[in-house]
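The values are calculated or read from the model by the stated rules, or taken from the named source; none is laboratory data. Bear in mind the structure is a predicted one, so any value in this text is a computation, not a measurement. Counting neighbours? That spans all protein chains shown, and the Cβs are built from the backbone with ideal geometry, glycine included. To get the accessible areas, we keep the full protein, side chains included, count just its heavy atoms, and leave off ligands, DNA and RNA. Shrake-Rupley method; radii C 1.70, N 1.55, O 1.52, S 1.80 Å.
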Amino acid sequence: IQSAPNGALPALVEIKDIKGDLHAHTDWSDGRDPMEAMVQEARTRGLEYIAITDHSVGRGIANGLSPERLRSHIKRLKEVERDAGGIRVLRGTEMDIRADGSLDYADEVLAELDWVVASVHSAMGQEAAVMTERIIGAMNNPYVTAIGHLTTRLIGERKPGDADYDAIFRAAAATGTALEINGSVERLDLKDAHVRRARELGAMLVITTDAHTTEALGNLEYGVKVARRAWCEGRHVLNTLPRDSFAAWLALDKRARSVESS
């Protein structure tokens, strides 16, 4: 209300602005549908690119990929991209950030990927200082492009973890690491207040589905609604970039990536 008379209301991001999805799973790990179906559904929905991010080896419960399986996964994704036509398929992973701060894959493995989402799936009750250091340590890895579902909350089931979120948001901006707005209705993580603060501190944001089925690719709608509540414009959300512009952003040295460079 205060902003309206001053002409300061933002042009909020809309679902039509989203050009790609950067977190999706297939039946190679714990998804239901094959990668061919996920890619085709993304193409049908008008997306220009999708990152297939099946789980890393540490998620045994989710049939996580060993380095050997990951390389087979990369090869198959290249074939799927060729056969689908008209959509860029990014070779990715959702990789565990272990309790001690180490990562599930070695750097030489990560170097083979286009998009790396690093997420916490264990030891979620660590003290705030430990969790903060754990997350920022992952951000400092040159191959980690985004942090997934940062607070680890599950709505109605698990409370968000403790951490110094301002410090994490500043580190995200400094290291060129994107922060995920996870559109899964079980998560909606980051929440709107966190998104707004991350934006204020200069962090890049991506809206994703964390889809495990073709139907769940519709979760982009819910991520967009969270971003709108946080007063995000299209320029604040990385995956509003068209395919070629997004590829150019990915080609930058990680610490040269920023909201402005997108």
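Please find, within the stretch 87-139, the residue that is most open to solvent (accessible area, probe 1.4 Å) out of those that are assigned to a loop (DSSP other than H, G, I, E, B) and closer than 20 Å to THR26 by Cα. Filtering the stretch 87-139 for residues that are assigned to a loop (DSSP other than H, G, I, E, B) and closer than 20 Å to THR26 by Cα, the one most open to solvent (accessible area, probe 1.4 Å) comes out as GLU112. For the stretch 145-180, which positions are touching a residue at least 40 places away in the same chain (Cβ under 8 Å) and within 17 Å of ASP210 (Cα to Cα)? Scanning the stretch 145-180 gives THR145, ALA146, GLY148, HIS149, LEU150, THR151, ALA178, GLU180. The requirement of being in contact with a helix residue (DSSP H, G or I) (Cβ under 6 Å, 6 or more places away or on another chain), acidic (Asp, Glu) and modelled with pLDDT of 95 or more is not satisfied by GLU94. With respect to the stated conditions, ASP83 fails to be of a type in the set (D, E, K, R) and either closer than 27 Å to ARG199 by Cα or within 19 Å of the chain's Cα centre (by Cα) (or both). For the stretch 15-60, a residue qualifies if it is touching a residue at least 12 places away in the same chain (Cβ under 8 Å), over 18 Å from the mean Cα position of the chain (by Cα) and part of a loop (DSSP other than H, G, I, E, B), and the qualifying residues are TRP28, ARG32, ASP33, ARG45, VAL57, GLY58. Against the test of being touching a residue at least 12 places away in the same chain (Cβ under 8 Å), assigned to a helix (DSSP H, G or I), closer than 23 Å to VAL120 by Cα and not charged (D, E, K, R), the options LEU77, LEU70 yield a single qualifying residue, LEU70. Scan the stretch 70-86 and give yes if some residue there is open to solvent by less than 70 Å² (accessible area, probe 1.4 Å), among the polar types (S, T, N, Q) and in contact with a strand residue (DSSP E or B) (Cβ under 7 Å, 6 or more places away or on another chain), otherwise no. No: zero hits.
In the stretch 120-129 there is at least one residue that is closer than 22 Å to LYS254 by Cα, under 19 Å from the mean Cα position of the chain (by Cα) and of a type outside the set (Ser, Thr, Tyr). The single condition from (1) under 20 Å from LEU110 (Cβ atoms); (2) touching a strand residue (DSSP E or B) at 6+ places or on another chain (Cβ under 7 Å) that ASN182 fails is (1).
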